[in-house]
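Novice: Okay, here's the structure, questions in a sec.
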Amino acid sequence: MGEARTSVAALRWLDGLELLDQRLLPGRVRWVGVPGAAAAGRAIRNLTVRGAPAIGLAAAYALASEARANPELSQLRRAARLLASARPTGADLARAVGHVLRVIEQAPREDRFERALEAARALHQADVAACLAMGEHGARLFEMGEVSLLTHCNAGALATGGIGTALGIVRVLHAQGRLARLYACEARPVLQGARLTAWEAVQDEIPCTLLADGAAASLLASGAVQGVVVGADRIAADGSVANKVGTYALALAAARHRVPLVVAAPTTTFDMACPTGASIPIEQRSADEVRTLRRHRTAPEGVEVYNPAFDVTPADLVTAIVSERGVARPVTPETVRSIAT
């Protein structure tokens, strides 16, 4: 058995922030420079970078870039507001930006860039450690020997600073020699499962089978998988989970077939000020994400579209929530608080 590792990274700092352009995967690997907050905000909105922890880290580094270019507090506060509002559902983004801004505000003018960069790097390293801890906690939930797991969207290295949240569990099981197979839903309409999760699996030689979202229920009914593992963009105080749209339907099917559903997310994703799932803001995205597929129109131009980026799975459909601090099982406000704070 070896240590869980990955060859995949979503972002890096090489005398400036660089992002792996996830819009081009799996066909092309291209790193793009991100000179400041405006460019980072666009990259977050257009999905060059995505995944709650990763967009928080990208914004943290981008605010450091702004501090190098212009250390004036008024400018940095404007940049922080722009970054924090780039996507509303995930909790990590505003939290990371707020942390770096507080560090900047407490630093002398001439030290603001170095302190901001140090803070962003510390957040990055904390996420690396959190992913590994979540992977180990989550792997212990599957003690039946060799297992096959189903996942939805992408909660891997492309969505975090480390080995991933849900895919962190997968990578730990793989390193232990206990992963029989990963099944990945395609995750329409942007196909994060098909383009990103399957790509990560190929890069790290993880046995993976891709399936259409609509095939997940029949796969669960077949008995081929022993668990569903997903990430989260925000977790409310009652244990309700906001994740990529389609997670709620997957949770319903998993409950019907008595397959455990495990959510993995770092403590930065928990929002204890958000009492229930009904309080989580749900981002509505462009209709063209549904009307087109890779820029080819697949629906009539005038048809109305409903395109929420996320849905909310209530706590009673979640078997366990895993953070770097441990496992909430059963999922109640009390157990959620115990691993969130």
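Novice: Would you check which residues across segment 40-88 are surrounded by fewer than 20 Cβ atoms within 10 Å (Cβ to Cβ) and in contact with a Pro (Cβ under 7 Å, 6 or more places away or on another chain) and list them?
Specialist: 88
Novice: Against the condition outside the structural domain of residue 309 (by TED's automatic domain parsing), farther than 19 Å from residue 244 by Cα and within 21 Å of the chain's Cα centre (by Cα), how does residue 41 come out, does it pass?
Specialist: Taking the combined requirement at face value, the residue satisfies it.
Novice: Just checking, which of 93, 101 is in the same structural domain as residue 122 (by TED's automatic domain parsing), under 23 Å from residue 167 (Cα atoms) and modelled with pLDDT of 95 or more?
Specialist: Working: 101 fails: under 23 Å from residue 167 (Cα atoms).
It is 93.
Novice: Okay, moving on. Report, by residue number, each residue of segment 13-25 that is of a type outside the set (Asp, Glu) and surrounded by 14 or more Cβ atoms within 10 Å (Cβ to Cβ). Steps first, please.
Specialist: As a first pass, look at segment 13-25 and keep what is of a type outside the set (Asp, Glu): 13-14, 16-17, 19-20, 22-25.
Passing the criteria: 13, 16, 17, 19, 20, 22, 23, 25.
Novice: While we're on this one: Could you please let me know if residue 33 is surrounded by fewer than 24 Cβ atoms within 10 Å (Cβ to Cβ), at negative phi and part of a strand (DSSP E or B)? Step through it out loud before you land on a result.
Specialist: Working: surrounded by fewer than 24 Cβ atoms within 10 Å (Cβ to Cβ): yes; at negative phi: yes; part of a strand (DSSP E or B): yes.
Yes, satisfied.
Novice: Conditions: (1) at pLDDT 95 or above; (2) surrounded by fewer than 13 Cβ atoms within 10 Å (Cβ to Cβ). Residue 294 meets all but one. Number of the miss?
Specialist: (1)
Novice: Answer yes or no: is there a residue in segment 322-333 that is surrounded by fewer than 16 Cβ atoms within 10 Å (Cβ to Cβ) and either without any contact (Cβ under 8 Å) to a residue 40 or more places away in the chain or assigned to a helix (DSSP H, G or I) (or both).
Specialist: Scanning segment 322-333, I find at least one residue that is surrounded by fewer than 16 Cβ atoms within 10 Å (Cβ to Cβ) and either without any contact (Cβ under 8 Å) to a residue 40 or more places away in the chain or assigned to a helix (DSSP H, G or I) (or both), so the answer is yes.
Novice: Inspect all residues belonging to segment 246-259 and state whether any of them is within 21 Å of residue 23 (Cα to Cα) and either touching a residue at least 60 places away in the same chain (Cβ under 8 Å) or of a type outside the set (Asp, Glu) (or both).
Specialist: Of segment 246-259, the ones within 21 Å of residue 23 (Cα to Cα) are 246.
Imposing the further condition that a residue be either touching a residue at least 60 places away in the same chain (Cβ under 8 Å) or of a type outside the set (Asp, Glu) (or both) reduces the set to 246.
Yes - at least one qualifying residue is present in segment 246-259.
Novice: Hey, can you tell me all the residues within segment 164-189 that are surrounded by 24 or more Cβ atoms within 10 Å (Cβ to Cβ) and in a loop (DSSP other than H, G, I, E, B)?
Specialist: 164, 165
Novice: Consider only pairs whose beta carbons are under 7 Å apart and that are at least six residues apart or on different chains; among these, list those whose first residue lies in segment 1-22 and is outside the structural domain of residue 41 (by TED's automatic domain parsing) and whose second residue is buried (at least 17 other Cβ atoms within 10 Å of the Cβ) and at pLDDT below 95.
Specialist: Between residues of segment 1-22 that are outside the structural domain of residue 41 (by TED's automatic domain parsing) and residues that are buried (at least 17 other Cβ atoms within 10 Å of the Cβ) and at pLDDT below 95, there is no close pair.
Novice: Are any residues in segment 156-184 out of contact with any strand residue (DSSP E or B) (no Cβ under 6 Å at 6 or more places or on another chain) and within 15 Å of residue 231 (Cα to Cα), and if so, which ones?
Specialist: 156, 157, 158, 159, 160, 161, 162, 163, 164, 167, 168, 171
The values are calculated or read from the model by the stated rules, or taken from the named source; none is laboratory data. Keep in mind the model is a prediction, meaning the values are calculated, not measured. Quick reminder, even Gly has a Cβ in these numbers, built from the backbone with ideal geometry, and neighbours come from all protein chains shown.
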